[in-house]
Amino acid sequence: KGNWTGLDGDVCRAIAAAVRNDAGKVKFVPLSAKDRFTALQSGEIDVLYRNSTQTFVRGATLGFELSEVAPGFALFTATPDFRHYNPIGSVHGGLAATLLDSCMSCAVQTKLERGFGYTTLEFKVHLVRGMSVKTGPVRAEGRLMYIGRRTGTAEGRIVDANGTLIAHGTTTCLIFPL
């Protein structure tokens, strides 16, 4: 506990140095998958990194939050605004891709056993409606479809406050021992 070496430690110290102006402000918290998400949602921790937790400011640039989590389910919320716009005057599709990647992969992570990590192997996004500042709050809901020893799959959808579909997608995550 607290003794960091290798890539994880270096990354965490770099994040802490950039965000908190102090590379020493890194706290390692060993938690189960369910407890990690509960702690993130409550604000007890700031970010999940490689199946552990470190101090960082979540959603600092994109402004999205983990709003709900349950086994096989993760919900992120955001409100599109002008910082999300692209040069052609609409919300960049990257916001939808980021929200979907986050909710789908976290749905997979909720079912991982302690000592296992994951990474997104591939994901597919279907943008069916554009977003703008007029869209209002959106919900990105990720649901686990399959979990195995080496891969997990999930589906996700982004809807507005009226339940209108904005985007949907699928992901395959590679599962590996840490």
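The values are calculated or read from the model by the stated rules, or taken from the named source; none is laboratory data. A quick note: this is a predicted structure, and the numbers were derived from the prediction, not measured. Note that we place each Cβ from the backbone using ideal geometry, even for glycine, and neighbour counts take in every protein chain shown. Keep in mind that these areas ignore ligands, DNA and RNA; they rest on the heavy atoms of the full protein, side chains included. Shrake-Rupley method; radii C 1.70, N 1.55, O 1.52, S 1.80 Å.
Note that segment 105-178, at 10 °C in a medium of 1.306 mPa s, gets a Stokes-Einstein diffusion coefficient of 120 µm²/s from its Kirkwood radius over C-alpha pairs.
Residues in segment 67-178 average 51 Å² of solvent-accessible surface per residue, probe 1.4 Å, ligands and nucleic acids excluded.
Each label was represented as a point 7 Å from its Cα along the Cα-to-Cβ direction; for T120 and T164 these points are 2.5 nm apart.
Once each part is reduced to its C-alpha centroid, what is the distance from segment 76-105 to segment 120-177 in angstrom? Each part's Cα centre sits 12 Å from the other's.
Label-to-label distance, R129 versus A70, with points set 7 angstrom from Cα along the beta-carbon direction: 2.4 nm. Database remark: amide H of K111 closer than 5 angstrom to the amide H of G72 (H placed geometrically; neighbours at sequence offset of 5 or more, or on other chains; Pro and chain starts carry no H). The stretch between L178 and L62, if pulled fully straight at 0.36 nm per residue, gains 38.9 nm over its current Cα-Cα span.
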